[in-house]
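These notes are about the structure you will find just below.
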Amino acid sequence: MNAVIDDFLQTPENGESLDIRQIANGIKSAREQISRQFDEGVAVESLILDTSKLIDHVLRFCFIHYLGDDQHCSCCLVAVGGYGRSELLPGSDIDLMILLKKQASKQEQQKLATFLTALWDIGLEVGHSVRTIRDCVREGKADVTVITNMIESRLIYGEEKLYEKYQLAISAKKLWSSRHFFEAKLEEQHNRHLRYNDTAYNLEPNIKEGPGGLRDIQIIGWVAKRHFNVSSFRELIAHGFLTDAEFELLDAGQRHLWRIRFALHRITGRREDRLLFDYQKKIAESFGFESGEHNLAIEQFMQQYYRTIMELERLNEMLLQIFKEEILLTASQRKLQPINERFNLRSNFIEVISAEVFKQHPQALVELFLLISLNQDCEGVTASTIRLVREHLYLIDEDYRSDDTVNHLFMQLMSAPDGMTHQMRRMNSYGFLAAYIPAFEKITGRMQYDLFHAYTVDQHTIFVIRNLRRFALQKHEDEFPFCNLVYSKLENPCLLYLAALFHDIAKGRGGDHSVLGAEEATQFCMQHKLNRKDTRIVSHLVRDHLLMSVTAQRKDISDPDVVRDFARQVGSMNMLNYLYLLTVADIRSTNPKLWNNWKDALLQQLYRATKTVIRRGIDNAPDIDEIIQENRDAAFEEMSDLPFSAEQINSVCDRVPGDYFLRHHPLEIKWHVNTILSQPEQSRLISIRQSTYTRNTKVFIYGDEAAHTFSQVTGTLGSLGLSILNAEIFTTRDNKIMDTFIIQDRNNQAVTDAETIRQIESKLLKALESNSIYQGKYNTRKPRQLKAFDHPTRVQFQQDYLNSRTMMEISAIDMPGLLSVIANVIAQKDINITHAKISTLGEKIDDIFFLTTLDGNAITDQALLKALAADIVQALESKKAV
């Protein structure tokens with residue numbers, strides 16, 4: 001490397017200017033050599049150091065040329081920030097400070113400007129500041145980020161005495177004592193973690209700023225340097241704050257993140273810290289991962305990443321706790337309060353009474369977490385005890401797992417009135433959960449390569465338990481009051497938490513993870529001495545944890561037969577209560593962005609309908625005609641205050657088919673009738689309202705029947721950036737359409753803006769005047785994340801002869817305007833759409849359409865169905881290619 005540098009850094013003769021192009025080409029050549037060495041497997045830490053040395057040489061050379069050597073220059077060129085740590089990756093910022101003895105003269109200012117301009121001309125992206133020592137003190141005192149940047153400084157060139165004065169001026173004795181600095185950095189980390197939802201296990205993590213990322217490593221270094229005056233993590237071993245094994249984990253974790261960040265910068269050609277989907281796949285391949293039968297290469301790569309940051313998070317917690325005990329706590333604050341013969345509470349942190357406790361009493365490993373949950377004064381675990389937990393995980397073997405005392409303590413924790421969620425998270429972080437439940441180890445850090453599952457499987461599992469706990473707490477009742485009500489009826493909430501713990505535990509093994517997970521749950525329950533009834537409940541909940549979600553979102557739950565079949569599978573009100581709560585918590589924990597009021601309403605509708613069937617007796621459930629009449633009577637009761645006669649109301653209701661009363665709530669029916677009778681002179685009507693029942697925006701369309709109405713409506717709404725969640729399509733006996741669409745905006749929220757609503761009404765009225773399929777334009781720009789996925793389009797049909805209809809299921813990659821494309825294809829066939837359920841699962845859509853022939857029967861013409869499927873596949877694949 002030095003030879004390469006010497007080749008292009010040659011001092012010009014006779015006052016000639018620097019050859020900027022030669023230097024720029026030389027830097028490019030040197031960087032290319034470093035990049036090749038990365039591919040050859042050279043250690044990333046040496047490449048980072050080489051890059052820093054390369055830039056040191058260039059800056060020193062240019063600085064001397066423009067500002068003179070030591071004898072003529074009374075300033076210092078100082079590297080700060082990451083560059084000050086000699087940690088330069090391909091796209092890292094080069095942060096410089098030019099330290100002056102006194103304010104620069106005009107001539108010096110000109111020289112500095114020329115120097116900095118030359119750096120940019122060379123192609124170096126430099127962030128710089130020009131300061132005197134007084135400036136440094138003033139600005140460092142005002143901002144902890146500035147002082148942090150400065151304490152990581154390194155002299156590149158200049159007057160050493162001036163640099164030494166600068167270091168003394170910003171030392172902890174004069175500026176930002178180690179106590180105040182540590183408190184500020186703790187708050188800074190807390191706020192930073194909150195920006196990333198307090199989890200590092202997102203689908204597209206930020207490897208620098210996210211929890212467990214490089215910044216969490218750096219904060220350890222900053223505090224150590226400020227308080228202990230050490231320049232490397234290895235020096236913390238001598239101070240007794242880090243063991244050799246912990247140092248190796250910390251060092252290996254940092255090198256792994258550096259390696260990923262190095263690859264990210266190369267792929268993007270710039271500084272990039274977000275591990276986006278399209279980069280994950282490329283890095284996984286470049287790192288040599290290969291896809292297996294049940295585990296994609298990208299999933300293996302990301303699992304390694306997530307397990308790395310889990311270790312780094314734990315080390316960050318432990319070391320900051322050590323620093324807190326060392327820096328913040330005074331002698332008077334180090335109170336010691338005995339808990340029992342194994343544990344003390346020291347300054348509100350639990351600790352073992354001796355290093356031999358876990359060896360002498362292995363059950364104390366699980367007792368620790370139980371005691372924290374039961375002691376409201378306990379804020380956490382002392383660093384020394386965290387270390388001892390990790391060191392004694394080897395004690396957890398088959399004998400330990402089958403120990404009655406251990407099993408009893410674990411079940412006590414699962415039933416604890418407070419703090420159970422935090423302890424589940426802590427047990428996962430410390431490695432106890434994976435050791436105690438071996439199957440859990442396999443899902444630790446496991447991601448699923450899609451946009452539907454926003455978190456790793458283990459984090460998702462803990463989020464499910466957290467959400468279930470919120471249903472139990474009065475302080476969260478305003479979030480999901482119905483869930484809180486159902487929770488109050490549970491016979492044994494502990495069974496629900498056990499089901500949550502095991503519901504996804506078999507992910508990634510191949511086969512049906514629900515069935516395999518139920519087997520794991522059964523064994524666990526038997527081992528922990530649950531009776532046969534409770535074991536069966538947990539096992540059934542794990543096996544059927546997707547049943548309610550699938551039924552509500554993919555089946556026609558206005559059909560009494562669908563509800564009856566679901567009720568038969570559930571079996572009892574007790575199981576219905578458990579399953580409903582598990583389903584809500586599961587969906588919300590899978591991806592919070594995909595939860596909406598419509599899904600909430602669907603699940604509540606299915607719950608209430610099933611409750612009615614179970615209470616009447618599954619075999620004594622009312623038939624469809626009885627339900628239609630009940631719903632019609634309820635609607636008439638709601639309409640009693642309308643300014644219309646019974647005859648007028650009947651003139652509308654008698655024209656609609658019977659299943660109209662199955663699919664609409666009485667308040668909706670009232671809205672429809674009022675809209676029609678209030679404007680008898682209008683041939684086309686558009687009415688938009690906010691539904692109090694489903695808490696969504698609903699669009700009601702009434703007018704003359706036309707073949708392309710569905711195409712026009714879906715296209716128009718799509719062009720406005722709105723999503724359709726559900727569609728109920730009805731034609732009256734006098735050939736009028738009565739269609740209802742549930743919509744939401746780009747942010748998955750109800751459409752409440754008055755101007756947007758007026759725009760929807762006017763555009764839909766204009767669209768209904770058309771007698772052709774929708775030909776308008778809409779935003780065709782595909783979201784970035786969708787570009788990383790490619791799912792084939794699949795179309796399947798299933799006959800519902802009992803209801804004289806054909807169900808069409810379409811699975812495809814999501815894209816703008818997709819529903820309109822499907823509607824256009826259907827509009828070209830002699831087919832009616834009676835009902836549509838629109839479901840977006842991350843990057844995929846999984847839409848259900850209920851179709852009939854023009855005379856209202858199931859479609860039995862196989863040639864027609866085959867042609868319809870082929871045309872939809874062709875249309876969607878063509879659009880995907882655009």
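The values are calculated or read from the model by the stated rules, or taken from the named source; none is laboratory data. This one's a predicted model, so the numbers in the text were calculated from it and none came from an experiment. Cβ atoms come from the backbone with ideal geometry, glycine included; neighbour counts cover every protein chain shown. Only protein heavy atoms, including side chains, enter the accessible area calculation; ligands, DNA and RNA are left aside. Shrake-Rupley method; radii C 1.70, N 1.55, O 1.52, S 1.80 Å.
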Report task. Answer with yes or no whether residue 741 is of a type in the set (Phe, Trp, Tyr), farther than 21 Å from residue 826 by Cβ and outside any loop (DSSP other than H, G, I, E, B). Result -> no
Query raised in the report: Name the pairs: first residue in the stretch 392-418 and among the small types (Gly, Ala, Ser), second residue outside any loop (DSSP other than H, G, I, E, B), Cβ to Cβ under 7 Å, at least 6 apart or on different chains?
Result: 402/527; 415/494; 416/370; 416/373; 416/374
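Matching residues to (1) touching a Ser or Thr at 6+ places or on another chain (Cβ under 7 Å); (2) at pLDDT 95 or above:
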position	(1), (2)
218	no, no
223	no, no
227	yes, no
242	no, no
256	yes, yes
263	yes, yes
268	no, no
286	no, no
Query raised in the report: Considering 265, 256, which residue is closer than 22 Å to residue 317 by Cβ, within 26 Å of the chain's Cα centre (by Cα) and surrounded by 15 or more Cβ atoms within 10 Å (Cβ to Cβ)?
Result: 256
Query raised in the report: Counting only residues that are hydrophobic (A, V, I, L, M, F, W, C) and open to solvent by 30 Å² or more (accessible area, probe 1.4 Å), which one in the stretch 699-722 is farthest from residue 825 (Cα to Cα)?
Result: 720
Report summary line: Given the conditions (1) free of Cβ contacts under 8 Å to residues at least 12 places away in the same chain; (2) more than 30 Å from residue 590 (Cβ to Cβ), every one holds for residue 190 apart from (2)
Report summary line: The condition from (1) in contact with a His (Cβ under 8 Å, 6 or more places away or on another chain); (2) closer than 13 Å to residue 319 by Cα that residue 230 misses is numbered (2)
Report task. Evaluate the following for residue 679: is it at pLDDT 90 or above, exposed (fewer than 14 other Cβ atoms within 10 Å of the Cβ) and under 46 Å from the mean Cα position of the chain (by Cα)? Result -> no
**Report entry** All helices (runs of 4 or more DSSP H) inside the stretch 552-665 with 2 or more residues being over 29 Å from residue 839 (Cβ atoms)
**Finding:** 597-616, 624-638, 646-653
Requested in this report: Confirm whether residue 645 is without any contact (Cβ under 8 Å) to a residue 12 or more places away in the chain, out of contact with any Cys (no Cβ under 8 Å at 6 or more places or on another chain) and either of a type outside the set (Lys, Arg) or buried (at least 19 other Cβ atoms within 10 Å of the Cβ) (or both).
Outcome: yes
Report summary line: By residue number, the members of the stretch 724-748 that are at pLDDT below 85 and not basic (Lys, Arg) are 747, 748
**Report entry** Residue in the stretch 699-709 that is more than 28 Å from residue 638 (Cα to Cα), in a helix (DSSP H, G or I) and either among the β-branched types (Val, Ile, Thr) or in contact with a helix residue (DSSP H, G or I) (Cβ under 6 Å, 6 or more places away or on another chain) (or both) present
**Finding:** yes
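Check 420, 414, 427 and return the single one that is of a type in the set (A, V, I, L, M, F, W, C) and under 21 Å from residue 311 (Cα atoms).
Numbers: 420 fails: under 21 Å from residue 311 (Cα atoms); 414 fails: under 21 Å from residue 311 (Cα atoms).
Selected residue: 427, the only one of 420, 414, 427 that is of a type in the set (A, V, I, L, M, F, W, C) and under 21 Å from residue 311 (Cα atoms).
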Query raised in the report: Can you tell me how many residues in the stretch 394-404 are assigned to a helix (DSSP H, G or I), open to solvent by less than 30 Å² (accessible area, probe 1.4 Å) and not hydroxyl-bearing (Ser, Thr, Tyr)?
Result: 0
Report task. Just give me the residues in the stretch 223-253 being open to solvent by less than 10 Å² (accessible area, probe 1.4 Å), farther than 21 Å from residue 39 by Cα and part of a helix (DSSP H, G or I), in sequence order. Result -> 223, 224, 236, 250
Requested in this report: Kindly list, by first and then second residue, each pair from a residue in the stretch 461-482 that is closer than 15 Å to residue 583 by Cα and basic (Lys, Arg) to a residue that is outside any helix (DSSP H, G or I) and open to solvent by 10 Å² or more (accessible area, probe 1.4 Å), limited to pairs with Cβ atoms under 7 Å and residues at least 6 apart or on different chains.
Outcome: 470/479
Query raised in the report: Which of the residues belonging to the stretch 405-439 are out of contact with any helix residue (DSSP H, G or I) (no Cβ under 8 Å at 6 or more places or on another chain) and part of a helix (DSSP H, G or I)?
Result: 405, 408, 438
Report task. Among what's in the stretch 319-372 and is closer than 25 Å to residue 418 by Cα and among the polar types (S, T, N, Q), pick the residue that is nearest to the chain's Cα centre (by Cα). Result -> 321
Query raised in the report: In this structure, is residue 74 surrounded by 13 or more Cβ atoms within 10 Å (Cβ to Cβ), polar (S, T, N, Q), in contact (Cβ under 8 Å) with a residue 60 or more places away in the chain and over 30 Å from residue 264 (Cα atoms)?
Result: yes
Query - Scan of the stretch 332-361 for residues that are among the small types (Gly, Ala, Ser), open to solvent by less than 40 Å² (accessible area, probe 1.4 Å) and within 13 Å of residue 388 (Cβ to Cβ), ordered by number - result: none
Query raised in the report: Taking the stretch 364-386, which residues are outside any loop (DSSP other than H, G, I, E, B) and open to solvent by 40 Å² or more (accessible area, probe 1.4 Å)?
Result: 374, 384
Requested in this report: Of the numbered conditions (1) touching a Ser or Thr at 6+ places or on another chain (Cβ under 6 Å); (2) β-branched (Val, Ile, Thr); (3) open to solvent by 20 Å² or more (accessible area, probe 1.4 Å), residue 308 fails exactly one; give the number of that condition.
Outcome: (1)
Query raised in the report: Applying the selection to the stretch 817-870, what residues are of a type in the set (Asp, Glu) and under 21 Å from residue 790 (Cβ atoms)?
Result: 843, 846, 847
Query - In the stretch 189-232, residue nearest to the chain's Cα centre (by Cα) [restricted to those that are among the polar types (S, T, N, Q) and within 18 Å of residue 310 (Cα to Cα)] - result: 202
Query raised in the report: Which residue out of 696, 631, 726, 674 is under 44 Å from the mean Cα position of the chain (by Cα), touching a residue at least 24 places away in the same chain (Cβ under 8 Å) and surrounded by fewer than 20 Cβ atoms within 10 Å (Cβ to Cβ)?
Result: 674
Query raised in the report: What do you reckon, is residue 272 at negative phi, under 25 Å from the mean Cα position of the chain (by Cα), open to solvent by 20 Å² or more (accessible area, probe 1.4 Å) and not aliphatic (A, V, I, L, M)?
Result: no
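Here is a yes/no grid of residues against (1) of a type in the set (Asp, Glu); (2) surrounded by 21 or more Cβ atoms within 10 Å (Cβ to Cβ):
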site	(1), (2)
569	no, no
575	no, no
597	no, no
600	yes, no
603	no, yes
616	no, no
623	yes, no
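What residue, among those in the stretch 478-525 that are of a type in the set (S, T, N, Q) and assigned to a loop (DSSP other than H, G, I, E, B), is surrounded by the most Cβ atoms within 10 Å (Cβ to Cβ)?
Only one residue tops the list, namely 492.
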